[in-house]
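What follows is calculated from the coordinates using simple rules that are stated; it is not laboratory data. This structure is a prediction, so every number in the text was calculated from the model and none was measured. Backbone-built Cβ (ideal geometry, glycine too); neighbour counts: all protein chains shown.
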Amino acid sequence: MIITKQKNVEELLRCVDSKPVFLIGCSQCATICHTGGKDEVIALKKAFETKKIPVSGWVILEPACHQMNDKRMLKDNAEELKKSEKILVLACGNGIQTIAGLIPEKEIIAGTDTLFLGEITHASEFHKRCIMCGECLLELYGGLCPVSQCPKSMLNGPCGGSSHGKCEINQQIECIWDRIIQNMKKRGTLQALSNIQQPKDWSKAGEMNRRI
Amino acid sequence: MPYRSNLEKRLSEGHFVVTAEIGPPKSADPLKIRDKALLLEGCADAFNVTDNQTAVVRMSSFAGSVLILQMEMEPIMQMTCRDRNRISLQSDVLGATALGVRNILCLTGDHQSFGNHPAAKGVFDVDSLQLLQIIQKMRDEGIFQSGDSLLGIRPCVFLGAAANPYADPFEIQVDRVRKKIDAGAQFIQTQSVYNIEKFSAWMDDVCSQGLDKKVHIIAGVTPLKSVKMAERMKFHVPGTDVPDFVYERMKNASDPAKEGYQIALKTIRELKQLKGIHGIHITALFWEEIIPSLVKESGLQSPR
């Protein structure tokens with residue numbers, strides 16, 4: 001899932017600049033993240049209205065990154081959209097751009113910052129898992145990814161900063177290499193790490209589109 | 001005021017300058033640089049040393065520039081943002097200026113997919129505009145990009161940037177120059193000129209905004225050595241504009257190298273007449289030996 005964080009209301013108020021605004025949320029990731037579901041969109045609407053900013057309407061797209069669904073749902077809101085000058089989107093960076101592409105004549109305001117592709121560990125806790133490098137190496141490391149979870153993306157073992165299972169850059173981060181080693185030791189597959197892993201083909205992370 | 005480099009001095013005193021490109025070798029052989037430098041000695045005011053141009057690994061521009069300095073010639077060290085982050089770039093600015101490099105050309109750099117290591121991760125931590133700004137602040141305010149202070153001698157350097165009148169969208173290209181000037185560019189070296197008409201239109205815009213008074217513009221010239229090269233430049237190299245009539249001239253020539261030389265000569269003569277052009281930058285790809293006669297015959301040579 002794509003993890004987002006809502007921008008603070010003061011910043012959004014400044015961007016809206018008292019102009020009539022239409023609000024858009026997303027039924028999927030942003031709903032689960034509590035950054036752009038129905039509750040958050042209505043809360044923002046109320047915040048704007050107390051500041052006397054006209055909200056011409058709102059919609060929760062299903063999901064915002066789905067261009068075909070967006071076209072259909074935005075058509076149902078054509079009147080409200082017309083009355084707005086700005087469109088504030090509470091979705092991930094993908095969703096915001098899909099909407100910007102569909103409504104090029106309106107000023108688009110990003111209501112969130114998009115952080116990472118992550119796991120939903122608990123209802124309100126998310127952890128980064130994949131950086132979409134385009135060439136999955138998980139089978140080499142027992143299903144734990146050093147490319148995304150080691151801040152140096154090291155492929156040949158931990159650096160000198162690994163200490164008691166924690167990462168040197170931040171005690172909140174566990175050293176993924178510590179986990180990989182403990183895990184493979186338990187399985188008796190530690191030997192597999194003795195080969196030198198060659199430099200990665202980063203061109204695969206540069207794919208811009210895919211058609212099937 | 002004291003000039004930072006000979007190039008800055010020559011430009012500031014109103015001379016029409018010549019710069020020429022020296023591409024470092026795909027080896028650790030310093031003689032490869034020295035041989036090219038010997039060939040070009042006296043032909044130009046300063047020599048651009050390319051930074052892994054087209055993303056092909058070569059000797060570093062830093063080392064190449066120092067080798068040029070050792071021959072008592074003046075390098076323009078090219079720096080791209082493809083292979084180094086802001087920490088490394090700033091560190092190399094300190095190192096290179098400590099060793100005597102006095103001109104730096106700031107570029108974003110060709111994408112790694114064009115070169116011989118397409119699997120490499122591109123850095124692009126900052127872009128050419130930001131790099132200009134970073135070096136300018138190190139030099140003029142004594143601060144690093146982070147806001148930390150330099151402790152001691154500041155890098156003494158004359159700053160340059162590139163411009164491409166043939167890139168799209170055309171209407172934004174003059175504003176790109178203005179932005180580069182605002183970011184710290186004191187000289188501009190342009191993309192190689194084959195389409196002089198379009199170049200003149202761009203220069204008109206540059207002059208109408210008064211930008212030619214704020215920056216020294218040095219026009220690029222690359223002599224075409226063969227029909228194959230003309231084809232590559234016309235159809236495959238992004239951001240170059242070889243007009244049909246130039247391509248036809250090359251194709252119909254009995255001696256394409258001679259024709260390419262004549263075209264370059266004519267281009268230089270026309271560029272010299274353009275308002276706001278303060279010099280010529282010659283890039284002779286795999287044809288450096290042509291530069292001395294090109295400089296001489298086009299009347300660019302003057303006592304330096």
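Residue-wise test of (1) surrounded by 13 or more Cβ atoms within 10 Å (Cβ to Cβ); (2) more than 14 Å from every other protein chain (Cβ to nearest Cβ); (3) over 30 Å from A:Cys33 (Cα atoms); (4) among the polar types (S, T, N, Q).
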residue	(1), (2), (3), (4)
A:Cys130	yes, yes, no, no
A:Gly134	yes, no, no, no
A:Leu140	yes, yes, yes, no
A:Cys167	yes, yes, no, no
A:Lys186	no, yes, yes, no
A:Gln191	no, yes, yes, yes
A:Pro199	no, no, yes, no
A:Arg211	no, yes, no, no
*When only residues in segment A:169-184 that are in a strand (DSSP E or B) and of a type outside the set (Asp, Glu) count, which is nearest to the other protein chains (Cβ to nearest Cβ)?*
A:Asn170
_Residue list for segment A:75-128, restricted to those being of a type in the set (D, E, K, R), surrounded by 14 or more Cβ atoms within 10 Å (Cβ to Cβ) and assigned to a loop (DSSP other than H, G, I, E, B)_ = A:Glu85, A:Lys106
*Where a residue in segment B:224-241 is on the phi > 0 side of the Ramachandran plot and its partner, wherever it lies, is of a type outside the set (D, E, K, R), with Cβ under 8 Å and at least six apart*: B:Gly239/B:Asn164; B:Gly239/B:Tyr166; B:Gly239/B:Ala167; B:Gly239/B:Gln191
*Take the residues in segment B:122-172 that are at positive phi and among the small types (Gly, Ala, Ser), then tell me which one is nearest to the other protein chains (Cβ to nearest Cβ).*
B:Gly147
*Under the condition of being crowded, with 19+ Cβ neighbours inside 10 Å and within 14 Å of another protein chain (Cβ to nearest Cβ), which residue from segment B:93-121 is farthest from B:Ile68 (Cα to Cα)?*
B:Ala120
